[in-house]
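*Asks:* Before we start, here is the structure in question, set down as structure tokens.
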Amino acid sequence: MDVTVVGSIALDTVETPSGLNEEGLGGAATFFSLAAANYAPVHLVGVVGEDFPEEHVRLLQSKKIVLDGLERAQGKTFRWTGKYHEDVNNRDTLETQLNVFEQFHPKLPAAACEAPFLFLGNIHPSLQIEVLEQAKPKFVGLDTMNLWINIAQNELREVLKRVDVIIINDSEVRDLTGETNLVKGAKAVKALGPRIVVIKKGEHGCLLYSDEDIFSAPAYPIEEVVDPTGAGDTFAGGFLGHLAGTGKTDAATLRQAVIHGSVVASFTCEKFGPDRLAEIGLADIKARFAEFKKLAEF
Ligand code: AMP
């Protein structure tokens with residue numbers, strides 16, 4: 001089944017202990033699309049400026065991502081600059097230039113509206129509501145960030161009432177609910193609307209929480225993290241991509257989807273930006289999935 005994603009498409013400048021990547025392809029919707037495209041047809045809805053390199057468009061096209069909803073606006077593409085610490089679990093945002101993103105109002109083409117699966121990437125909750133007003137999905141996933149929890153919590157709470165799954169990290173759970181305990185935090189987030197809560201804990205894996213199931217999954221251990229930018233969005237792409245690919249959202253499929261998310265995200269960390277994601281296919285993901293299963297079995 002098809003999946004639609006709405007979110008940022010960016011030029012990222014990233015410094016990690018492994019080096020510097022200037023104005024590389026980035027953006028939450030980009031990572032999501034490149035991950036989900038391994039499993040299902042993806043409709044990407046977002047905006048870029050006149051300076052967006054054609055080679056990035058060609059990469060997305062080469063992965064069969066449907067770009068009818070990719071708007072080219074006058075002005076410059078959204079830019080984000082970040083610097084990671086020696087411990088790559090920590091980073092500082094040095095600069096965010098909204099550029100064409102500032103005036104962006106998502107317009108979903110007909111085929112994107114009809115997709116049964118929808119992912120609301122990390123954008124202002126009022127834009128996420130605009131997307132929900134247009135689309136007719138059967139299953140909706142949501143990402144957010146501390147910024148929106150702090151400055152647009154009322155709108156975010158409206159969105160939360162209308163989604164099936166939220167994929168959120170542990171610090172965001174604390175900001176949103178005040179809970180430091182993960183299970184209590186998951187319950188408190190669920191009480192705000194989504195029937196499924198996935199809490200990411202970085203290199204410590206993630207927790208899947210619903211009425212039917214609680215699943216604690218480890219992260220796939222990788223030896224050298226070159227650049228973790230986009231790992232969260234890649235996780236979401238693997239997760240929703242697997243659900244869309246199978247067309248199922250039962251408890252067993254959700255568990256598998258979490259592992260797919262972790263596996264694809266592990267590839268993203270191996271090179272800068274989406275460079276590694278661009279190289280791999282479903283066969284690589286399946287091989288690592290099998291390896292991961294062996295690692296976690298006891
Ligand atoms: P992640 O590492 O999963 O948090 O995602 C990082 C990606 O999110 C980068 O490629 C950025 O371009 C993008 N990003 C950073 N800040 C924002 C923002 N305020 N709104 C939308 N996208 C953002």
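*Asks:* Which ranges mark the helices (runs of 4 or more DSSP H) fully within segment 179-292 that have 1 or more residues being closer than 30 Å to THR13 by Cα and within 14 Å of the ligand (Cβ to nearest atom)?
*Replies:* Per the criteria, 231-246, 251-268, 275-279.
*Asks:* Further question: Restricting attention to segment 24-37, does a residue exist that is under 22 Å from MET145 (Cβ atoms), in contact with a Lys or Arg (Cβ under 8 Å, 6 or more places away or on another chain) and modelled with pLDDT of 95 or more?
*Replies:* Checked segment 24-37: at least one residue is under 22 Å from MET145 (Cβ atoms), in contact with a Lys or Arg (Cβ under 8 Å, 6 or more places away or on another chain) and modelled with pLDDT of 95 or more.
*Asks:* Further, regarding this structure: Any residue at all in segment 16-31 that is touching a residue at least 40 places away in the same chain (Cβ under 8 Å), outside any strand (DSSP E or B), more than 24 Å from PHE239 (Cβ to Cβ) and within 14 Å of the ligand (Cβ to nearest atom)?
*Replies:* The answer is no; no qualifying residue exists.
*Asks:* Something else about it: Within segment 7-15, does at least one residue satisfy the condition of being within 11 Å of the ligand (Cβ to nearest atom), of a type in the set (A, V, I, L, M, F, W, C), within 15 Å of the chain's Cα centre (by Cα) and under 26 Å from PRO109 (Cβ atoms)?
*Replies:* yes
*Asks:* Okay, moving on. Which residues, counting only those in segment 32-83, are away from the ligand (no atom under 16 Å from the Cβ) and polar (S, T, N, Q)?
*Replies:* Result: ASN38, GLN61, SER62, GLN74.
*Asks:* Can you tell me which of GLU86, GLU130, GLU114 is within 16 Å of the ligand (Cβ to nearest atom) and charged (D, E, K, R)?
*Replies:* None of the other options fit; the residue is GLU130.
*Asks:* Further question on the same structure: What number of residues within segment 136-160 are of a type in the set (A, V, I, L, M) and within 12 Å of the ligand (Cβ to nearest atom)?
*Replies:* So the count comes out to 4.
*Asks:* Checking GLU102 against (1) out of contact with any strand residue (DSSP E or B) (no Cβ under 7 Å at 6 or more places or on another chain); (2) within 16 Å of the ligand (Cβ to nearest atom); (3) outside any helix (DSSP H, G or I), which single condition isn't satisfied?
*Replies:* Looking at each condition in turn, GLU102 falls short on (3).
*Asks:* Only one residue in GLU95, GLU172 is crowded, with 20+ Cβ neighbours inside 10 Å, of a type outside the set (A, V, I, L, M, F, W, C) and within 16 Å of the ligand (Cβ to nearest atom). Which one?
*Replies:* GLU172
*Asks:* Also, quick follow-up: Which members of segment 264-284 meet the condition of being under 21 Å from GLY26 (Cβ atoms) and hydrophobic (A, V, I, L, M, F, W, C)?
*Replies:* VAL264, ALA265, PHE267, CYS269, PHE272, LEU277, ALA278, ILE280 - these are the residues of segment 264-284 that are under 21 Å from GLY26 (Cβ atoms) and hydrophobic (A, V, I, L, M, F, W, C).
*Asks:* Return the residue satisfying two criteria in turn: it lies in segment 58-92 and is surrounded by 16 or more Cβ atoms within 10 Å (Cβ to Cβ) and in contact with a Pro (Cβ under 6 Å, 6 or more places away or on another chain), and of such residues it is nearest to ALA231 (Cα to Cα).
*Replies:* VAL88
*Asks:* Report, by residue number, each residue of segment 163-216 that is hydrophobic (A, V, I, L, M, F, W, C) and at positive phi.
*Replies:* The answer is none; no residue qualifies.
The values are calculated or read from the model by the stated rules, or taken from the named source; none is laboratory data. Every value quoted in this text rests on a predicted model; they were computed, and no experiment measured them. A quick note on method: Cβ atoms are made from the backbone with ideal geometry, for glycine too, and the neighbour counts reach across all protein chains shown.
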